[in-house]
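Presented below is the structure to which this report refers.
The values are calculated or read from the model by the stated rules, or taken from the named source; none is laboratory data. Not measured: the values here are computed from a predicted model. Methodologically, a virtual Cβ is constructed for each residue, glycine included, from the backbone with ideal geometry; neighbour enumeration extends over all protein chains shown.
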Amino acid sequence: MTILEIDQLRKEFQMHVVGGKRVVGLDGVSFDVADGEFLAIVGESGSGKSSLLKCLYRTYLPSGGAIRFESTDGSVDLASCSERRLLELRDDEIGYASQFLDEIPRVPALDVVARPLVEEGVERPAARDVARDLLTALNLPEELHDAYPATFSGGERQRVNLARAIAPRPRLLLLDEPTSALDPETKAAAIDLLDRYLTEETTVVGVFHNRDVVAQVADRVVVLDDAALQRVVDVETYAEETSSEIDLAESEVGV
Amino acid sequence: MSLLDAENVTRFYGEFEPCGDCVDLTGPTHGRNQCPDCGTVVGCADVDLDVERGEVLGIVGESGSGKSSLAEMLALDLAATAGNVEFASYDGNLLDANYEERVDLRNTNVGMVHQHVRDGLNLEFTGGGNVAESLLAAGWRNFDEIRARVRDLFEETEVPVDRMDDPTDTYSGGMQRRVQIAKAIANDPELVILDEPTTGLDVSVQARVLDMFRRIQREQDVATIVVSHDLGVVRLLADRTVVMRHGRVIESGLTDRVMEDPQREYTQTLINSVI
Ligand SMILES: Nc1ncnc2c1ncn2[C@@H]1O[C@H](COP(=O)(O)OP(=O)(O)OP(=O)(O)O)[C@@H](O)[C@H]1O
Ligand SMILES: [Mg+2]
Ligand SMILES: [Zn+2]
């Protein structure tokens, strides 16, 4: 079954502060996402990856096209549904981890991660237990669990951010470079956790720039190029293509 | 139905008889809020907004854009020049409520945290006395029950309970703000209005007050209107945000959308000037 159907999605920014200049962020992008699938979005810097995720979450207002989402109570167009409906969906079904964590400074990491669960009605101690397990799985040192993320390093914050996003196991999870600031070992732990903690109930659309990560987590890969969809391939094809690109690059430099 | 549904809310200031064109001659397109013909100041005009139960609405805009005027009208503290406001706990136009009804609504249904502490608290009274005042006004009579409730509210808003019987002017700015919040939520209102909840506080105190309020807001699921010129405050608390300028709402939407994808030129400038 298809959970998300993106049809001719277009995003244009009009920048009044620089004389009304128009910038195209996404130019007629269409693809489907199957229920339970892990879809990776790749592309060069500036190709529209984050814009795409933000349109799905409605942090960006799409300029055209449709985003049909199969919610638990029927199909809804995320590009045009009411703001109230969207807030409900964010509460119940759609999660998002931005590239950067913005949280109130005075909340301990554990409570930041537990919060979405508590808001869903899980008792605080149980929610904190889940949060502790997630942070531990992400190698966040225990002494940081009760500290404030405002004082954390980029990689530490990113782990808090990822743990918070996956904690409630949303039906649709949007991840924007969730492992970009992690060292290889922690990255491996994060990938392992995504695999272990998330079930078939969660569909993931994630932006990644690391080929190895994509090869490990994704089922299919959407390649964006200069605001447009270049192609959608299954992960095996993508892995072969990229490894031959690397071979090619290596032979060119004569290794 | 929404908890609160406001249409065309308008407030004029000035000693002159309005000329009749004041609204047409002011606003963002004219770049002013004072009518050139008659001198009337249009504090805000034609404001539409709605708030659902449990929802947090942010109001942002520069100084003088009309945020407090709007907030005070909705909090029944300021008479409106025009407008229609439907409120779940009131039959008819809330803006037409008479004196007794206003007193009643303010005591039980709408809590307000004022921009200026002196508008919300009697600083010569004790902190506990200020909060108890709200309870008395709502009909509480038993001394021990009132003490117990005030103590709970102090704990809830993180004011040291042992300062309860000290005069409020001996409290720090952060404590005074907390006492205001304690007073505003004392009778479990359906709507709380916060006007500049962090101004005059140190950054670290601001963060603690905001976090405290956010916790209470979520635990009690109380609808809130938060007014601030500080985009960070609104970003942290509000689900949806309206942007005001020269007394008008010029943009509204999901808070993250307004901040990250502002559509109007003014909003873009406002956001850019912060980043
Ligand atoms: N009592 C009053 N008499 C005359 N003019 C007033 C009065 N109160 C407000 N105004 C005017 O109405 C306009 C809106 O004021 P308001 O206090 O609502 O702005 P604000 O957005 O809350 O500003 P700030 O961010 O500085 O608190 C301003 O031009 C102000 O000078
Ligand atoms: Mg004000
Ligand atoms: Zn006039």
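Name every residue in the range A:78-94 that is assigned to a loop (DSSP other than H, G, I, E, B) and away from chain B (no Cβ under 11 Å), in order of residue number. Give the derivation first.
Step one: filter the range A:78-94 for residues assigned to a loop (DSSP other than H, G, I, E, B), giving A:78-82, A:93.
Residues satisfying the conditions are A:Leu78, A:Ala79, A:Ser80, A:Cys81, A:Glu93.
I'd like the full set of residues that are outside any strand (DSSP E or B), hydrophobic (A, V, I, L, M, F, W, C) and crowded, with 23+ Cβ neighbours inside 10 Å, limited to the range A:14-48.
Restricting attention to the range A:14-48, the residues satisfying the condition of being outside any strand (DSSP E or B) are A:16-20, A:35-37, A:44-48.
Checking the rest, the ones that are also hydrophobic (A, V, I, L, M, F, W, C) come to A:17-18.
Answer for the range A:14-48, where residues must be outside any strand (DSSP E or B), hydrophobic (A, V, I, L, M, F, W, C) and crowded, with 23+ Cβ neighbours inside 10 Å: there is none.
Quick check on B:Arg235: is it facing chain A (nearest Cβ under 9 Å), under 29 Å from B:Asp152 (Cβ atoms) and touching a helix residue (DSSP H, G or I) at 6+ places or on another chain (Cβ under 9 Å)?
no
For B:Glu52, only one of the following conditions fails: (1) away from ligand 3 (no atom under 16 Å from the Cβ); (2) more than 14 Å from chain A (Cβ to nearest Cβ); (3) on the phi < 0 side of the Ramachandran plot. What is its number?
The one condition B:Glu52 does not meet is (2).
Take the range B:45-71 and flag every residue that is closer than 17 Å to B:Gly14 by Cα and either part of a loop (DSSP other than H, G, I, E, B) or under 15 Å from the mean Cα position of the chain (by Cα) (or both).
We begin by selecting, within the range B:45-71, every residue closer than 17 Å to B:Gly14 by Cα; these are B:45, B:64-66, B:68-70.
Once the filter is applied, which keeps residues that are closer than 17 Å to B:Gly14 by Cα and either part of a loop (DSSP other than H, G, I, E, B) or under 15 Å from the mean Cα position of the chain (by Cα) (or both), the range B:45-71 yields B:Gly64, B:Ser65, B:Gly66, B:Ser68, B:Ser69, B:Leu70.
Answer yes or no as to whether A:Asp102 is assigned to a helix (DSSP H, G or I) and either within 14 Å of another protein chain (Cβ to nearest Cβ) or at pLDDT 95 or above (or both). Spell out how you get there, then give the answer.
Working: assigned to a helix (DSSP H, G or I): no; either within 14 Å of another protein chain (Cβ to nearest Cβ) or at pLDDT 95 or above (or both): yes.
Considered against the rule, which asks whether it is assigned to a helix (DSSP H, G or I) and either within 14 Å of another protein chain (Cβ to nearest Cβ) or at pLDDT 95 or above (or both), A:Asp102 comes out as no.
With (1) more than 14 Å from every other protein chain (Cβ to nearest Cβ); (2) out of contact with any helix residue (DSSP H, G or I) (no Cβ under 7 Å at 6 or more places or on another chain); (3) surrounded by fewer than 19 Cβ atoms within 10 Å (Cβ to Cβ) as the list, and B:Glu196 as the residue in question, which single condition is left unmet?
Against the list (1) more than 14 Å from every other protein chain (Cβ to nearest Cβ); (2) out of contact with any helix residue (DSSP H, G or I) (no Cβ under 7 Å at 6 or more places or on another chain); (3) surrounded by fewer than 19 Cβ atoms within 10 Å (Cβ to Cβ), B:Glu196 comes up short only on (3).
May I ask you to say which residue of A:Glu123, A:Glu83, A:Glu119 is touching a Lys or Arg at 6+ places or on another chain (Cβ under 9 Å), closer than 19 Å to B:Ile216 by Cα, surrounded by fewer than 17 Cβ atoms within 10 Å (Cβ to Cβ) and among the acidic types (Asp, Glu)?
Values: A:Glu123 fails: touching a Lys or Arg at 6+ places or on another chain (Cβ under 9 Å); A:Glu83 fails: closer than 19 Å to B:Ile216 by Cα.
Result of the check over A:Glu123, A:Glu83, A:Glu119: A:Glu119.
Which ones in the range A:49-66 are away from chain B (no Cβ under 14 Å) and buried (at least 21 other Cβ atoms within 10 Å of the Cβ)?
Taking the range A:49-66 and keeping what is away from chain B (no Cβ under 14 Å), we get A:49, A:64-66.
Answer for the range A:49-66, where residues must be away from chain B (no Cβ under 14 Å) and buried (at least 21 other Cβ atoms within 10 Å of the Cβ): just A:Lys49.
From the list A:Val18, A:Val42, exactly one residue is over 18 Å from A:Arg90 (Cα atoms) and touching a strand residue (DSSP E or B) at 6+ places or on another chain (Cβ under 9 Å). Which is it?
Numbers: A:Val18 fails: touching a strand residue (DSSP E or B) at 6+ places or on another chain (Cβ under 9 Å).
After applying the criteria, what remains is A:Val42.
Which condition breaks for A:Val107 when tested against (1) in a helix (DSSP H, G or I); (2) aliphatic (A, V, I, L, M); (3) within 11 Å of chain B (Cβ to nearest Cβ); (4) under 30 Å from A:Gly154 (Cα atoms)?
That leaves (1) as the condition not met.
Taking the stated definitions as given, is B:Gln263 more than 16 Å from ligand 1 (Cβ to nearest atom), over 30 Å from B:Arg141 (Cβ atoms) and either small (Gly, Ala, Ser) or not in a helix (DSSP H, G or I) (or both)?
Details: more than 16 Å from ligand 1 (Cβ to nearest atom): yes; over 30 Å from B:Arg141 (Cβ atoms): yes; either small (Gly, Ala, Ser) or not in a helix (DSSP H, G or I) (or both): yes.
Yes: the conditions hold for B:Gln263.
B:Arg257 - would you say it is within 14 Å of another protein chain (Cβ to nearest Cβ), more than 16 Å from ligand 2 (Cβ to nearest atom), farther than 28 Å from A:Cys81 by Cα and free of Cβ contacts under 8 Å to residues at least 60 places away in the same chain?
Here the answer is no, as B:Arg257 does not meet what is asked.
Given the criterion more than 16 Å from ligand 2 (Cβ to nearest atom), surrounded by 15 or more Cβ atoms within 10 Å (Cβ to Cβ) and outside any loop (DSSP other than H, G, I, E, B), identify the matching residue among B:Leu76, B:Leu95.
Result: B:Leu95 is the single residue among B:Leu76, B:Leu95 that is more than 16 Å from ligand 2 (Cβ to nearest atom), surrounded by 15 or more Cβ atoms within 10 Å (Cβ to Cβ) and outside any loop (DSSP other than H, G, I, E, B).
Conditions tested, residue by residue: (1) within 13 Å of chain A (Cβ to nearest Cβ); (2) in contact with a Gly (Cβ under 7 Å, 6 or more places away or on another chain).
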position: B:Ser134; (1), (2): no, no
position: B:Arg151; (1), (2): no, no
position: B:Glu155; (1), (2): no, no
position: B:Asp169; (1), (2): no, no
position: B:Gly173; (1), (2): no, yes
position: B:Ile181; (1), (2): no, no
position: B:Pro189; (1), (2): no, yes
position: B:Ser204; (1), (2): yes, no
position: B:Ile216; (1), (2): no, no
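For the range B:157-167, which positions are out of contact with any strand residue (DSSP E or B) (no Cβ under 7 Å at 6 or more places or on another chain), assigned to a loop (DSSP other than H, G, I, E, B) and either within 16 Å of ligand 2 (Cβ to nearest atom) or more than 14 Å from chain A (Cβ to nearest Cβ) (or both)?
The initial filter retains those residues of the range B:157-167 that are out of contact with any strand residue (DSSP E or B) (no Cβ under 7 Å at 6 or more places or on another chain), namely B:157-163.
Within this subset, residues satisfying the condition of being assigned to a loop (DSSP other than H, G, I, E, B) are B:157-160.
Result: B:Thr157, B:Val159, B:Pro160.
Which members of the range B:233-260 meet the condition of being surrounded by 23 or more Cβ atoms within 10 Å (Cβ to Cβ) and in a loop (DSSP other than H, G, I, E, B)?
B:Ala238, B:His246, B:Gly247, listed by residue number.
Could you figure out which of (1) surrounded by fewer than 21 Cβ atoms within 10 Å (Cβ to Cβ); (2) of a type outside the set (Val, Ile, Thr); (3) assigned to a helix (DSSP H, G or I) isn't true of A:Ser75?
Only one criterion is unmet by A:Ser75, namely (3).
Would a scan of the range A:38-53 turn up a residue that is in contact with a helix residue (DSSP H, G or I) (Cβ under 7 Å, 6 or more places away or on another chain), under 14 Å from A:Asp176 (Cα atoms) and not hydrophobic (A, V, I, L, M, F, W, C)? Working first, answer last.
So the first thing to find is which residues in the range A:38-53 are in contact with a helix residue (DSSP H, G or I) (Cβ under 7 Å, 6 or more places away or on another chain), and the list is A:38, A:40-43.
Subsequent filtering for residues that are under 14 Å from A:Asp176 (Cα atoms) retains A:38, A:40-43.
Okay, now just the ones that are also not hydrophobic (A, V, I, L, M, F, W, C), so A:43.
Yes, there is a match, as at least one residue in the range A:38-53 is in contact with a helix residue (DSSP H, G or I) (Cβ under 7 Å, 6 or more places away or on another chain), under 14 Å from A:Asp176 (Cα atoms) and not hydrophobic (A, V, I, L, M, F, W, C).
Scan the range B:26-47 for residues that are more than 13 Å from ligand 1 (Cβ to nearest atom) and either within 14 Å of chain A (Cβ to nearest Cβ) or farther than 16 Å from B:Met244 by Cβ (or both) and jot them down.
Result: B:Pro28, B:Pro36, B:Asp37, B:Cys38.
Could you check how many residues of the range B:11-61 are within 16 Å of ligand 2 (Cβ to nearest atom) and exposed (fewer than 15 other Cβ atoms within 10 Å of the Cβ)?
Count: 1.
I'd like the full set of residues that are more than 10 Å from ligand 1 (Cβ to nearest atom) and farther than 19 Å from B:Asp230 by Cα, limited to the range B:49-79. I'd like the intermediate steps shown before the answer.
First, the residues of the range B:49-79 that are more than 10 Å from ligand 1 (Cβ to nearest atom): B:49-58, B:74-77, B:79.
Of everything in the range B:49-79, those that are more than 10 Å from ligand 1 (Cβ to nearest atom) and farther than 19 Å from B:Asp230 by Cα turn out to be B:Leu49, B:Asp50, B:Val51, B:Glu52, B:Arg53, B:Gly54, B:Glu55, B:Leu74, B:Ala75, B:Leu76, B:Asp77, B:Ala79.
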